[in-house]
Structures are given as C-alpha cells and as structure tokens.
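Let me begin by presenting the structure, written as structure tokens, before commenting on it.
The values are calculated or read from the model by the stated rules, or taken from the named source; none is laboratory data. What you are looking at is a predicted structure, and each value in this text was computed from that prediction instead of being measured. With ideal geometry, Cβ positions are generated from the backbone for all residues, glycine too; neighbour counts draw on all protein chains shown.
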Amino acid sequence: MFKESDQIEKFEPKVWLSSPTMHGEEFEFLKEAYETNWMSTVGANINEVERLVCKKIGCKYAVGLSAGTAALHMAVKLAGVKPGEKVFCSDMTFSATVNPIVYEGGVPVFIDTEYDTWNMDPEALEKAFELYPDVKVVVIAHLYGTPGKVDELRDICEKHGAVIIEDAAESMGATYKGLQTGTFGKYNAISFNGNKIITGSSGGMLLTDDKEAAEKVRKWSTQSRENAPWYQHEELGYNYRMSNVIAGVVRGQMPHLEEHIAQKKVIYERYKEGLKGLPVRMNPYNEKESEPNFWLSCLILDKEAMCRQVRSECEPLYIPETGKSCPTEILEAIASINAEGRPIWKPMHMQPVYRMNGFVTREGDGRAKTNAYIAGGATGKDGNPLDIGMDIFHRGLCLPSDNKMTEDQQNRIIEVIRKCFE
C-alpha cells in the first residue's frame, strides 16, 4: 500500500509514457523541404520515406498518408465494406482501429482477447464465424507492439474467405516468424503519431502488395482528382495525403528504428527483472514465434494480489489494502513522482459508443457472458473469466516506457511500484 510518507522526490522534467526521440537528421530534411519550397503533399521526402518503408517492412507499395487512421480508412474502403455489413475487429485496442469501419457504414463486431499475447483470440474468431458466417473482412491489431497469433488468425480467415486488414500502428519493426508486421494482411496500416516508435509528429502509411490498390489510395487521398486539365471529380475523395514536411521528420527517424527497439527492449527487461518477487507479470509474447518492438512495457497483477477497485465511465475508485494493490493505486503512485503511466486500452465492447455492437468470446455471445461475469464472476470451461479483455483491462496498466528514461529514473519507478505492495 502506497502512503504519502513513501513519496520520492519528483522527476524534473517529467518522465513520459512514450515521447518522440529526435536525432538531428529530422531537422535537415525539414530544412530541405523548406528551402526547396516543397511544403505540400508532394516532394522528395515522401518519395524516399515510401521507398524506405517498403524496403524495411518487405511490402511492394507504401502510400504516405496524414495518419494511421487515414490508412485504416483507406484499407476498409479497399476491402469493399458496405453500409450495414459486419466486420470483425480486435476488441482490446485504440478506437482508431475501429472507427474507420463506421466511416464506411460498416458495423464492428468485437472479438475477445487471449492471454498469451493480449491480442485477438483465434478461438473467439472461429466462434464468431459460426455466429456470423457472412463476414468477409477482419481487422487485426497488434497490441503495444506485440504480434498476435498470426498463423492461426490467418488460417481461420482463409478458411472463411475473409480479407485481413492489419493494424500495425503500434508494432512497426516487430516480427512474427521472421517477417515484419504490416505484411500479413491484404491491406495494412502503420502510424507515425507522436508517441510511436518512429514518429513524424503525425502521419501514417497504407501498405500493400497490390499495385492497383496503392494507386487507388493515392487518388482517393488527393481528393480523387481525375487526369484532366481542370479539377475533375468522378468519385468521393479525401484530403489524406502525407505532407512532405512530416515526411522529412519520418525520413530522419527511419535509420534509428532498430536503435529505438533495442532501447525499448532494455526498458522491458529492466522492469521484468526489477519487479521480480511481486505478484505481477509483464505483457507476454511468444519468444519462439515473435519479437515485439516493445513499444510499451505493461504489467498485469495476479488476481489474488488485487485490492478492491471499481471504475465508473470517467473515474476510478479503490480501497487500499496492505500487501495488495491495483492499477489505479500504482498509476497514482507513479504520477506522484511526475512519471506517466496509463490504463490498458479499455476494450471496445465496453465503450459507450459501441455498447450495442456484437462481442464474441471463445464460448460464443460475449454480451451475455460479460453480464454473467459482472453479476457473479462467472468463468468459462477453462476456468478463465468469460470476458478476457475486460479482465486484462481491470488488472493491467502501461508503465513509463520512454526510451530517454535513465536507468536511475526507471529504478525509482520500480521502487515506487514495489512500495504499493507493502
């Protein structure tokens, strides 16, 4: 239990969850865009970044866009999602994974999470196809930079004739069986948002091996202008193209991807070692199959180590208990020394905007199962909670993972976490 008397001197400046790490080359490419007057959505920086990403990821085509969300929207449009059509989607993710489905009038159906990687559960996906056999698009995210069970998910989708859209926004540089994430779907998205492992302050990319699809996205993202001497438009367009200025930042960042991943992995391993002996575990991955990019280090408390914690829509409440803790207490303790942690993504099926959407667990209709779990702590046949995503959200949190954090700073954060269990 963390007490006021346990307070450690605050960090100055603040230790962030994950902030941009700049190196100097970024400014040179920004300067080049300025000096050559290519301040629009065309230019050498965009061309080079698209080339560099294709080379790194192993895809044939990359289209620079204004955000990872824009890339996902274009992917949903390419997949042909029509109004009223259901689309399966990762449940424990950021809303940007899901919202583009709705932009096209689609109806997200959320697939529960599994404990091994905190990603989409293949068993739940198979169950979802039993319930909704007509679904032809599946959006799969890789949470916090850890690849999901790609082979199992892909085999299920192929069996049912469904297209995969891969949301690799958080996992750039992560690999599954030696292959980069961002190559496993027909249409894939990455992000260069300010907190990502490679940043442009904003920006994203649509990745594909389909030349025609890439050309469509280039057209759609520049307001669908036709090849005419005037502004001619024959279909709906979007102002989604990446700026040459933003691309300059990304261009300067790209050579440092492996360096950033190595730094993030050191942070993960230091937490893992420093928290030994506590009733907690780090966010998991399969070492034989995947290598995360370790974008965010997270932990989950053992069930028996949880003090009582409840959350309303916007506020948490917990009752301190000696020898036990909870995510809310740990986050408050970290914040008291001016370091930033965050709750795990709140599952989409728990979000007010999507509460009426379908939700499927490995045992079927997740809505009924979730209600049973809330009412009486019901568990499935394997003894696990019926709603795994909700359980991880309840017991998990994201730790400060900034790769500029010093070893001393991280050790002080670990010390504060340990005090929460005294």
Val150 within 19 Å of the chain's Cα centre (by Cα) and within 24 Å of Gly68 (Cα to Cα): yes
Selection from the range 12-70 of residues that are more than 25 Å from Gly237 (Cα to Cα) and assigned to a strand (DSSP E or B): Val15
Residues (surrounded by fewer than 24 Cβ atoms within 10 Å (Cβ to Cβ), out of contact with any Pro (no Cβ under 9 Å at 6 or more places or on another chain) and in a loop (DSSP other than H, G, I, E, B)) located in the range 93-128: Phe94
Qualifying residue in the range 395-406 (condition: modelled with pLDDT under 80 and either acidic (Asp, Glu) or buried (at least 18 other Cβ atoms within 10 Å of the Cβ) (or both)): no
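What do you reckon, is Val150 buried (at least 22 other Cβ atoms within 10 Å of the Cβ), touching a Phe, Trp or Tyr at 6+ places or on another chain (Cβ under 7 Å), over 23 Å from Glu287 (Cα atoms) and of a type outside the set (Lys, Arg)? Reasoning before the result, please.
Details: buried (at least 22 other Cβ atoms within 10 Å of the Cβ): yes; touching a Phe, Trp or Tyr at 6+ places or on another chain (Cβ under 7 Å): yes; over 23 Å from Glu287 (Cα atoms): no; of a type outside the set (Lys, Arg): yes.
Criteria not met by Val150.
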Odd one out for Ala368, checked against (1) modelled with pLDDT under 95; (2) among the aliphatic types (A, V, I, L, M); (3) crowded, with 19+ Cβ neighbours inside 10 Å: (3)
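Mind listing whichever residues of the range 166-181 are within 14 Å of the chain's Cα centre (by Cα) and more than 23 Å from Ser401 (Cα to Cα)? Can you show your working first?
Of all residues in the range 166-181, those within 14 Å of the chain's Cα centre (by Cα) come to 166-174, 181.
Glu166, the sole residue that qualifies.
Taking the range 158-169 on its own, how many of its residues are touching a strand residue (DSSP E or B) at 6+ places or on another chain (Cβ under 7 Å) and either surrounded by 24 or more Cβ atoms within 10 Å (Cβ to Cβ) or in a loop (DSSP other than H, G, I, E, B) (or both)? Steps first, please.
Applying the first criterion (touching a strand residue (DSSP E or B) at 6+ places or on another chain (Cβ under 7 Å)) to the range 158-169 yields 162-169.
Then drop every residue that is not either surrounded by 24 or more Cβ atoms within 10 Å (Cβ to Cβ) or in a loop (DSSP other than H, G, I, E, B) (or both), which leaves 162, 165-169.
Counting residues in the range 158-169 that are touching a strand residue (DSSP E or B) at 6+ places or on another chain (Cβ under 7 Å) and either surrounded by 24 or more Cβ atoms within 10 Å (Cβ to Cβ) or in a loop (DSSP other than H, G, I, E, B) (or both) gives 6.
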Helices (runs of 4 or more DSSP H) contained entirely in the range 170-278, each with at least 1 residues that are at positive phi and in contact (Cβ under 8 Å) with a residue 40 or more places away in the chain: none
